[in-house]
Structures are given as structure tokens and as C-alpha cells.
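To start, the structure itself, in C-alpha cells.
The values are calculated or read from the model by the stated rules, or taken from the named source; none is laboratory data. All figures in this text were calculated on a predicted structure; none of them were measured in a lab. When we count neighbours, we look across all protein chains shown, and the Cβ atoms used for this are built from the backbone with ideal geometry, even at glycine.
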Amino acid sequence: MLSVSIHFLKRHKQHLACFFLCLCASMTYMLPCAQAQDYPSKAITLVVGFPPGGSNDIVARIFAPKVSDILGVPVIILNKAGSNALIGTEFVVRAPPDGYTITLASASPLAISPHTYANMPFDTLKDLVGITTVAQTPELLSIHASVPAKNLQELIALSKTRQVTIASSGNGGLPHLAIELLRIAAGEGQIVHVPYKGAGPAIADLLGAHVDGIVVDLAPQYPMVQDGRLRPIAVTNSTRALLLPEVQTSVEQGFPTLLAVNWFSVMAPAKTPKPVIDKLFTAFVKAAGDPELVESLRKIGVEPFLQSSPEAFEKFLLSETERWGQVAKASGARSD
């Protein structure tokens with residue numbers, strides 16, 4: 001009996017080798033699929049690349065409870081600020097691609113920094129996989145209440161008599177590009193960009209009159225605009241913000257090239273299993289359709305902004321990367 005078995009193995013060793021190779025390959029494929037079926041089974045970390053108080057942080061904290069309810073596990077916010085959100089985004093890039101470490105990122109680190117940073121620590125289009133955009137908001141140019149200007153024209157006129165310092169949430173990001181576009185529009189005016197590590201610190205210094213103005217998302221500025229501590233000068237969009245209908249757009253004020261609208265998206269490390277991506281997509285889209293969540297967003301000047309699928313988001317991200325690359329080149333904005 002033993003000799004027969006040995007003879008059989010020798011005769012069919014090639015077929016058996018192929019069989020075991022196929023079995024191993026199928027098990028390798030089935031393992032992530034099985035894990036995806038059980039996903040999620042523990043808390044999800046949602047990384048925000050900016051300090052608390054900025055738009056990314058606010059939007060993340062609005063979405064996290066709803067997504068947690070939908071998926072049935074905690075969604076924990078982790079702020080990892082620095083380098084215009086590159087530190088936090090790189091942290092996600094290096095995380096295991098299992099869907100438990102994701103980021104709520106925005107235009108600056110994903111579509112703009114590749115054109116303004118000399119040494120990017122990752123490749124957005126290769127090292128991350130997009131899930132969907134979830135919201136958008138225009139940039140808002142505001143000034144300290146003591147600055148003698150009520151519109152863009154008056155601010156530029158002031159910049160021709162002295163330096164006008166404008167804060168942003170960091171070098172090489174969307175607000176920085178908007179300030180560079182303003183500087184170009186000012187011609188011989190003295191518009192000086194002052195970068196900070198996030199919108200929160202920038203607003204704090206503006207409230208202390210250490211700078212004259214600021215360009216960041218509308219959301220973190222709104223409470224100070226509402227109580228009169230900041231004076232809104234322009235919404236960098238072609239349409240007025242629903243939250244500030246009395247504030248003219250940059251286009252209305254004669255600056256059609258001063259356009260900057262931020263969007264927020266959910267990203268995961270590359271090679272995250274497709275079933276996990278699809279579950280996250282479904283959860284965030286469902287959360288964005290919740291009336292209470294929509295009302296919470298609109299109270300801070302943010303509107304829901306979704307993609308039809310993760311694949312549609314990938315196309316959107318590519319087009320935004322190309323568009324902002326052209327703006328960065330024209331404005332000369334750099335991270336250094």
C-alpha cells in the first residue's frame with residue numbers, strides 16, 4: 001500500500017504541486033475577503049491632520065458619531081497636526097491597509113501639496129485610496145475689526161500704504177494659494193503671507209491683532225464673524241455662502257481669479273480591500289444624508305458634497321490635482 005502511494009505521488013507530483021499552489025493562492029485571496037466580511041470588529045481611528053478647531057476637525061467630529069452608529073463601532077478622532085496635514089496623512093499611508101486607520105483629509109495635503117512641497121513623503125494617487133468626498137466650503141477672507149477696510153478694494157488700497165499681514169493654516173496649502181492670488185491681484189501692494197500650524201492658532205493670533213487678516217475655511221471663522229470680532233471681506237467663490245449671504249464673493253468684487261473652495265474627503269491606505277472601501281463609502285454616504293448632520297454642517301458654512309462611487313472620487317481627485325497644479329505654478333506658491 002505504501003509503495004503504491006509513493007508511486008502515485010511521483011507520477012502526479014506536478015499536478016499536486018499545481019493544486020497546492022492554487023489552494024494557497026485562493027486562501028491568500030480569501031483571507032482579506034473574510035476579514036472584510038467581519039469588518040469592522042473594533043474601533044476605527046479617523047486621523048485629522050490639523051489641530052482641533054479647524055474645518056477638518058469640525059467636519060470629522062460631526063461625521064464620527066453618525067458613522068459610528070451606522071458601523072456599530074467607535075470612530076475615534078486622532079489629531080496629528082503639522083506640515084499642512086502631511087504628517088497626519090503620512091501616518092495613515094504607513095498604517096496597515098485594513099480600514100481601521102483612515103483620514104478625513106482635504107484639498108491642501110491631497111491635491112495641492114504635491115505641487116508646493118519639494119519633498120513629499122507620499123504619493124497621493126499611489127499611496128492612498130479614495131473613498132468619497134463628504135463636504136465642501138469656500139475660503140473666507142476676514143480681517144481684524146480694527147483694520148480700516150470693508151472690502152477687497154479697500155484692503156488692497158491699504159496694502160499700498162503699509163504691509164498687510166494675512167494668516168493661513170500653513171505653507172503650501174489652499175489658503176496659501178488664495179493669499180498668493182490676492183497678492184498678485186494687489187500688484188504693488190504689500191500683502192504678506194503668515195503661515196501657522198492650523199486654522200485654530202492662526203485665528204487666535206488674528207484675534208490678538210498680531211496679524212491683519214486671515215484666509216481659511218469659513219467654518220472655524222464663523223463664530224468670531226458672528227460676534228463681530230472678525231470682519232468678513234470676501235468669500236472666495238463665484239456664489240455667496242448661505243451662512244453669510246451679505247458678504248460679497250471675490251468674483252462680485254472684480255477678482256474672478258481669486259477662487260478657492262475646499263473639499264473634505266475620506267481616504268485609506270493603498271491596498272485596503274475593496275469590500276472594506278465599499279463599506280466605508282456606504283457608511284459615510286448614509287451619514288451625509290442624515291438631516292441632523294446636514295443641519296450641523298450648514299450651521300458652520302459647510303455643505304454636503306458626495307461622489308457617486310469610490311471610482312468617481314478617484315477621477316475627481318485626479319482632476320483637482322491637475323487643476324491646482326496649474327494654479328500653484330502660476331502663483332509660485334511653495335512650502336519653503
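Could you please find all residues in the range 201-253 being crowded, with 20+ Cβ neighbours inside 10 Å, under 25 Å from Ala81 (Cα atoms) and free of Cβ contacts under 8 Å to residues at least 60 places away in the same chain?
Ala202
Filter the range 42-75 for residues that are outside any helix (DSSP H, G or I) and among the hydrophobic types (A, V, I, L, M, F, W, C); which is farthest from Arg334 (Cα to Cα)?
Val73
Looking at the range 321-334, I want the residues that are over 17 Å from Asn262 (Cα atoms) and have a partner that is surrounded by fewer than 11 Cβ atoms within 10 Å (Cβ to Cβ) with Cβ atoms under 8 Å, at least 6 apart or on another chain. Which pairs are those?
So the pair list comes out as Arg334/Ala118.
Can you confirm whether Leu78 is more than 24 Å from Gln307 (Cα to Cα), touching a residue at least 24 places away in the same chain (Cβ under 8 Å) and in a strand (DSSP E or B)? Walk me through it before giving the result.
Details: more than 24 Å from Gln307 (Cα to Cα): yes; touching a residue at least 24 places away in the same chain (Cβ under 8 Å): yes; in a strand (DSSP E or B): yes.
Spelling it out, Leu78 is indeed more than 24 Å from Gln307 (Cα to Cα), touching a residue at least 24 places away in the same chain (Cβ under 8 Å) and in a strand (DSSP E or B).
In the range 299-315, how many residues are under 29 Å from Tyr222 (Cα atoms) and not polar (S, T, N, Q)?
Result for the range 299-315: 9.
So, Thr133, is that one in a strand (DSSP E or B), assigned by TED's automatic domain parsing to the domain that holds Ala288 and either free of Cβ contacts under 8 Å to residues at least 12 places away in the same chain or not aliphatic (A, V, I, L, M) (or both) or not? Write out each step before concluding.
Working: in a strand (DSSP E or B): yes; assigned by TED's automatic domain parsing to the domain that holds Ala288: yes; either free of Cβ contacts under 8 Å to residues at least 12 places away in the same chain or not aliphatic (A, V, I, L, M) (or both): yes.
For Thr133, the condition - in a strand (DSSP E or B), assigned by TED's automatic domain parsing to the domain that holds Ala288 and either free of Cβ contacts under 8 Å to residues at least 12 places away in the same chain or not aliphatic (A, V, I, L, M) (or both) - is met.
Restricting attention to the range 260-307, which residues are in contact with an Asp or Glu (Cβ under 9 Å, 6 or more places away or on another chain) and free of Cβ contacts under 8 Å to residues at least 24 places away in the same chain?
Residue satisfying the conditions is Val294 alone.
For the range 156-250, give me every one of the helices (runs of 4 or more DSSP H) that falls completely inside it and has 2 or more residues that are more than 23 Å from the chain's Cα centre (by Cα), within 21 Å of His115 (Cβ to Cβ) and at pLDDT below 95.
Ranges flagged: 174-186.
Among the numbered criteria (1) within 23 Å of Gly332 (Cβ to Cβ); (2) free of Cβ contacts under 8 Å to residues at least 40 places away in the same chain; (3) of a type in the set (Asp, Glu), which one does Glu180 miss?
Of everything listed in (1) within 23 Å of Gly332 (Cβ to Cβ); (2) free of Cβ contacts under 8 Å to residues at least 40 places away in the same chain; (3) of a type in the set (Asp, Glu), Glu180 misses just condition (2).
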